[in-house]
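Notes follow the structure.
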Amino acid sequence: MAYSPNLSIKWTLASAVLLVPLMVGGIAPLFQLVAPGILVVITEGLSLGLANSIILGNFALGVLLCWLVMKPEALVWLIQTAGLAIVLVVARKQNWPGIKTLLAGFAYLCVTFIVILIAGSGPDLLNGYNKVVQAISEDLDQSLALYKKTSSGIYQAELENWFRQFKEVIIRFLPGLLGSVFLIISLSNILVPKIYLAKELKNEAFAPVFTQWKLPEPLIWVIITAGGLAFLGKGILKVCGENALLVLSSIYFFQGIAVVAFYFGRLKVPAFIRWITYILLCIQWYGLIFIVIIGLSDVWFNLRAKALSGRES
């Protein structure tokens, strides 16, 4: 293959995206929100095989770097970031619709997490998960001990009670919280190339206009099933239902926000008021539930289509 200065620049930029966070470990988790999407932008204009070759080549360099600096834990970030970038590159080249891309990225992150658990604990997946829960519990206990050490003892009893309840909620809903985080990571990395490649992307290809975001209708039966298990199930079925409901509610939250954004656009609400409203809705639990309900209602009532037909008439 002939030397190409443009190809050399793309390789260098991809190296910076994948390798720099490995050396500055503190920013790696946050950088995961945009790194795979940036790699999609960098490899734009290349064939699918060449784009994946650049990502995989830098992945190999990252593995070598982790070994040289003795940071095996950084491999987790590297595997998730490079793998998600490949999923998004394939989605971009094949013009997958936005929902398919989102679910594919979410599925990859979930599978990667399970594989890492198995690699760290053997075939006993439950044992590996319990180790994660124990590590999180110990970190939370250390945070509480540090706070108690640096604060006055006036409200320590109330703090300990609140913290104990908080830790119970975190541990109980940990799978759902992880699933929601994986969704956010997948969505944020879809939006990066959507913003920077707006002229090249066609309508619904790769990522739709956010105000037209709509989930597949059959998915509503999955969330209904999860809700039934959460409220009527017992034991492990109840826990599974609660965590599945949390993840699915996160997905329908995005659809609810899309409906709200659509009507803000129709009513020509000023941007300042829009963002104030978004913030107020998101910082209150009933605001979050209200947005999810809007997203669910859109499945049956097609709220945006009615607004469009009403305007035409």
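Annotation note: Cβ proximity below 6 Å between a residue of region 16-37 that is within 24 Å of VAL90 (Cα to Cα) and a residue that is modelled with pLDDT under 85 and surrounded by fewer than 17 Cβ atoms within 10 Å (Cβ to Cβ) (sequence gap 6+ or interchain) occurs for PRO21/ILE27.
Where helices (runs of 4 or more DSSP H) sit wholly within region 1-115, those with at least 3 residues that are under 27 Å from PHE210 (Cβ atoms) and of a type in the set (Val, Ile, Thr) occupy 35-42, 74-94.
The sole residue among LYS167, LYS199 that is modelled with pLDDT under 85 and charged (D, E, K, R) is LYS199. Scanning region 272-284 for any residue that is under 24 Å from PRO216 (Cα atoms), free of Cβ contacts under 8 Å to residues at least 60 places away in the same chain and among the basic types (Lys, Arg) turns up nothing.
Would it be correct to say that LEU65 is surrounded by 15 or more Cβ atoms within 10 Å (Cβ to Cβ), of a type outside the set (D, E, K, R) and over 22 Å from the mean Cα position of the chain (by Cα)? Judged against the criteria, LEU65 is a match. Here LEU237 fulfils each of the conditions (1) in contact with an Asp or Glu (Cβ under 8 Å, 6 or more places away or on another chain); (2) without any contact (Cβ under 8 Å) to a residue 12 or more places away in the chain apart from (1).
Considering VAL239, VAL222, the condition of being over 20 Å from ILE185 (Cβ atoms) and within 20 Å of the chain's Cα centre (by Cα) is satisfied by VAL222 alone.
One residue stands out among those in region 96-126 that are of a type in the set (Val, Ile, Thr) and touching a residue at least 24 places away in the same chain (Cβ under 8 Å): the one that is surrounded by the most Cβ atoms within 10 Å (Cβ to Cβ), which is THR101.
Just checking, does region 144-160 include any residue being in a helix (DSSP H, G or I) and at pLDDT 85 or above? Checked against the condition, which is being in a helix (DSSP H, G or I) and at pLDDT 85 or above, region 144-160 yields no hits at all. Being in contact with a Gly (Cβ under 8 Å, 6 or more places away or on another chain) and within 27 Å of SER250 (Cβ to Cβ) is a description that does not apply to LEU102.
Only one residue in VAL20, VAL76 is surrounded by fewer than 19 Cβ atoms within 10 Å (Cβ to Cβ), of a type in the set (A, V, I, L, M) and over 24 Å from VAL115 (Cβ atoms). Which one? Just a single option satisfies the conditions, and that option is VAL20.
The values are calculated or read from the model by the stated rules, or taken from the named source; none is laboratory data. Being a predicted model, the structure only gives us computed values, none of them experimental. Please note: Cβ atoms are built from the backbone with ideal geometry, for glycine as well, and neighbour counts cover all protein chains shown.
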